[in-house]
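The values are calculated or read from the model by the stated rules, or taken from the named source; none is laboratory data. Since we're looking at a predicted model, the values are computed, not measured. For neighbour counting, all protein chains shown are included, and Cβ atoms are generated from backbone atoms with ideal geometry for every residue, glycine included.
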Amino acid sequence: MALTLARVVQTCSAYPSQWDAWTVDGHYLYLRYRHGVGSVERYPGADIDTWDGDESELLAEWDDGTDGGTIELADFLTAAGLQLAPGAEESAG
């Protein structure tokens, strides 16, 4: 079953593509795509100072072989096995 996102904020639309995201149950995820590699990481919160704890986890990673640096959110979600909740909030940071 795919993780469902309630809120997604694009923090970089250039190289690399990246987003802050929150699941429907409140977990923070960091989504990043660079050099054709996408990753989904779970952290305690959006504050980078909290990212070294035991709650941090790599949930998904893939290499599409393109060496690309940008990707649309819909394509990223498909590749990562994520989905948006109905009425999910999407914005640029």
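Flag: Ala85 matches the condition of being out of contact with any Phe, Trp or Tyr (no Cβ under 7 Å at 6 or more places or on another chain) and either in a helix (DSSP H, G or I) or loosely packed, with under 15 Cβ neighbours inside 10 Å (or both). Just so you know, in region 33-71 the residues that are assigned to a loop (DSSP other than H, G, I, E, B) and touching a residue at least 40 places away in the same chain (Cβ under 8 Å) include one that is surrounded by the fewest Cβ atoms within 10 Å (Cβ to Cβ), and it is Thr70.
Here Thr78 fulfils each of the conditions (1) surrounded by fewer than 12 Cβ atoms within 10 Å (Cβ to Cβ); (2) free of Cβ contacts under 8 Å to residues at least 12 places away in the same chain; (3) of a type outside the set (A, V, I, L, M) apart from (1).
Considering only residues that are part of a strand (DSSP E or B) and modelled with pLDDT of 95 or more, look in region 12-27 and name the one that is farthest from Thr50 (Cα to Cα). Residue satisfying both the conditions and the ranking: Ser17. Restricting attention to region 66-93, the residues that are at pLDDT 95 or above, of a type in the set (S, T, N, Q) and under 15 Å from Ser13 (Cα atoms) total 0. Contact annotation: residue pairs with Cβ atoms under 7 Å, 6 or more positions apart or on different chains, pairing a residue in region 1-17 that is free of Cβ contacts under 8 Å to residues at least 60 places away in the same chain with a partner that is part of a loop (DSSP other than H, G, I, E, B) and surrounded by 16 or more Cβ atoms within 10 Å (Cβ to Cβ), are Ser17/Ile71.
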